[in-house]
Amino acid sequence: MNDRSIWLRVAGTVILMVTLVIYEPGVDTVLQNLMVPLLMALGALALVQNLAAVALGSTVLATIHTDFNAASWVSRIAYPVIAATGGSILLIIAINRFRARIAATRAARWADRRNLDTDSG
């Protein structure tokens, strides 16, 4: 672990602690319903340094809290947008990992074939 990584994790921990202190469940304001959870997600990202984990958690939580019939625009619009963004991030990560895996196995197959050609020639 390098110094930047440690300071980033400490900053993430501090952000999470501060947002937990200022969070008030049941209060129906944009700060409490949108800004504090977004700050928590940023703190978690800094702490765990894993975009896929934070995207998965954000997608699940935003989907659970989505209510298309709510009077608040946060539950009606912001949460579905967050869920769609998180789902898109997860899809992009999955596609990139799949492509990398395919490229690695293809390279290994070609290396094996080259070795067979040199051994038999």
Residues that are surrounded by fewer than 17 Cβ atoms within 10 Å (Cβ to Cβ) and on the phi < 0 side of the Ramachandran plot, drawn from region 34-56: MET35, LEU38, LEU42, VAL48, ASN50, LEU51, ALA52, ALA53, LEU56
Of all residues in region 41-66 being touching a residue at least 12 places away in the same chain (Cβ under 8 Å) and either in contact with a Cys (Cβ under 6 Å, 6 or more places away or on another chain) or part of a loop (DSSP other than H, G, I, E, B) (or both), the one that is farthest from VAL14 (Cα to Cα): THR66
Meets criteria (of a type in the set (A, V, I, L, M), assigned to a helix (DSSP H, G or I) and buried (at least 16 other Cβ atoms within 10 Å of the Cβ)) for LEU31: no
Near pairs, Cβ below 7 angstrom, 6+ apart or cross-chain, from region 84-101 (at pLDDT 95 or above) to any residue that is not in a helix (DSSP H, G or I): none
Residue satisfying all of: in region 84-111; under 17 Å from LEU51 (Cα atoms) and among the hydroxyl-bearing types (Ser, Thr, Tyr); surrounded by the most Cβ atoms within 10 Å (Cβ to Cβ) among these: THR85
Breaking point among (1) touching a Phe, Trp or Tyr at 6+ places or on another chain (Cβ under 6 Å); (2) not in a helix (DSSP H, G or I), for VAL36: (2)
Close pairs from region 29-40: first touching a residue at least 40 places away in the same chain (Cβ under 8 Å), partner outside any helix (DSSP H, G or I) and surrounded by 17 or more Cβ atoms within 10 Å (Cβ to Cβ), Cβ under 7 Å, at least 6 apart: none
Test for TRP110: is it of a type in the set (Phe, Trp, Tyr) and closer than 14 Å to ASN33 by Cβ: no
Residue that is surrounded by the fewest Cβ atoms within 10 Å (Cβ to Cβ) [pool: residues in region 1-28 that are of a type outside the set (A, V, I, L, M), in a loop (DSSP other than H, G, I, E, B) and at negative phi]: PRO25
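The values are calculated or read from the model by the stated rules, or taken from the named source; none is laboratory data. These numbers were taken from a predicted model, which means no experiment stands behind them. So basically every Cβ, Gly included, is an ideal-geometry build from the backbone, and we count neighbours across all protein chains shown.
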